[in-house]
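First comes the structure, then the notes that go with it.
What follows draws every value from the coordinates through simple rules; no lab data is involved. Everything numeric in this text was worked out from a predicted model, so none of it was measured. All Cβ positions, glycine included, derive from the backbone under ideal geometry; neighbour counts span all protein chains shown.
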């Protein structure tokens, strides 16, 4: 049997491999020279290969490292148009994406207009598309709803969308509605939408903003900050009018949840670091309600709280229904209102998890032929799949199989499929889709996204042609790279390092997130005790030892429901693990979070 299709060989290639991260030795040496500890230098050098900029903005994040919004192309023009609408009392539409980045952008724009600029609520129109019925961006249904408003807005401000929506922007312009686009998604090859009054996007080729990786909510924050400056310059607002700094709490959430880079980006690290400080003051009802839901021991929030607790709940609403409950939760003026909307988000999140689990299992089964053929990417069509969880299922495939994945389901438009993709370290997904379009334009009438994630629209009858072109495009980028699930660690820790002092040392490098993963280590442990926990018994609670050091550990999703562990007390486990601060009734202790373990 050919080795590529040999089931034994395939099974071996699908086993996660624990490997130490490649280390940039020059960066490691520089970090040590600048006073970082050996462990801190190790973590930096494993994440920022080739980085030759200053280390201080990364290891000591500060808002002073933010570039001025005027460096964004078209930002002054956009800000002046928004300021003119405020002065003239125009009706303004706020049109944003439905995910966390879009919702937080919406909150920044709306709160700025109302609370700082004095625009009456009655003159603002929240325009957020329905993920399933409308699709991403300035969709045609959303345009028609905008034009049906009475009174109709004369200005629409977008955030986290719009760069690829020229036909719909032209439709609005023809009807007398001017559009200011603020976005961060890659622009089409033809450039900014010609019909937009202004397009503010750090990925523009003519843009001088030093960091093209900022999230959509950050672009919106910069534009609205500049609009405040313009209104002060015009004498409309007093110079003492508060700045937008408090809204960086929302920008932090949107930045983390949108998975933009927290690696070499001083701007993203600064806004997340500062935003978390603001969030942990618990001044807004949404933060207090979430803290109450998660329990007193959840505070202070960190980037992982935003990524794995708040983000999924806000996203769940738009995955299953219209996104306005998420917006109302973020804008809630008191805790009772916030709790009511959070209950809805929580229920949606539970439903989303159940749908996701079923779809992920189907997708993994359907992926086997592509894996057997060693295809460079996985393209899955789920005829009965829910379009709201495509992206999460694609992420599960990437984690399981170590290669890029696209998951498609039927779209609302007859004869069309809609899909979401997730990438791996070595592939720029948006560029791969651009290349797919060049190879077979009729198979990909609509696409957008960035390096790590993207969305597509594909005619159902052209799915096979699309898959062929996409695999060719991915293969061109990846070359002969070996594709398999890898668990990259920061090496080993000595038993004496397994304590809270080490965690304190590592946390001084926070925030962690995309392209700056939380530290992960590898070591061998003896199993002293274990028991399945969780509603379905799929998690394992463990007591482990390394020499004279004993530790508690938790391994989430270690088992399928009803499965018996393949090892017992006395077994030796080789583990990839994170250090976790376990809080219980005001007391702290170290707990290991097992990511993967292999009996030895």
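Just a few scattered comments:
- FRET efficiency for residue 122 and residue 70, using Cβ-Cβ distance with R0 set to 30 Å, rounded to 0.05: 0.40
- Cα shape, segment 257-372, gyration tensor, a/c 1.5 rule: oblate
- Label point distance in nm, residue 598-residue 34, each placed 7 Å from Cα along Cα→Cβ: 3.5
- Short-range pairs are left out: with C-alpha atoms under 8 Å and at least six residues apart, the relative contact order of segment 286-381 is 26 percent.
- Each Cα pair under 8 Å and six or more residues apart adds its sequence gap; the mean of these over the residue count of the chain is a relative contact order of 13 percent.
- Look at the Cα gyration tensor of segment 1-89: its axes a ≥ b ≥ c give a/c of at least 1.5 with a/b at or below b/c, and that counts as oblate.
- CD proxy at 222 nm, helix term only [per DSSP H run n ≥ 4: -39500 (n - 2.57); per residue of the chain; nearest 500]: -11500 deg cm²/dmol
- Rounded FRET efficiency, nearest 0.05, which uses the C-beta distance separating residue 333 from residue 175 and R0 of 41 Å: 0.75
- This ranking places 287, 247 by how few other beta-carbon atoms lie within 10 Å of each, fewest first, which gives 287, 247.
- Sequence of 104, 277, 418, 199 once ranked by neighbouring C-beta atoms within 10 Å, starting from the fewest: 277, 418, 199, 104
- Residue 482/residue 366 FRET efficiency (R0 25 Å; Cβ-Cβ; nearest 0.05): 0.65
- Extending 7 Å from Cα along the Cβ direction at residue 412 and again at residue 241 yields two label points whose distance is 3.6 nm.
- Simple spin-label estimate for residue 281 and residue 54 in nanometres, 7 Å along Cα-Cβ: 2.6
- Binning the alpha carbon pair distances of segment 112-244 at 5 angstrom intervals from zero yields the distribution 2, 10, 18, 21, 20, 17, 10, 3, 1, expressed in whole percent.
- Compared with the alpha-carbon gap, the fully stretched path from residue 529 to residue 11 is longer by 183.5 nm at 0.36 nm per residue.
- Multiplying the residue separation of residue 133 and residue 543 by 0.36 nm and subtracting their alpha-carbon distance yields 142.7 nm.
- Rounded to the nearest 5, the antiparallel percentage of DSSP beta bridges internal to the chain is 65%.
- One chain, two ends: residue 550 and residue 150. Fully extended at 0.36 nm per residue, the span grows by 137.3 nm beyond their Cα-Cα distance.
- Gyration tensor verdict on segment 367-478 (Cα atoms; rounded if a/c is under 1.5, prolate if a/b is larger than b/c, oblate otherwise): rounded
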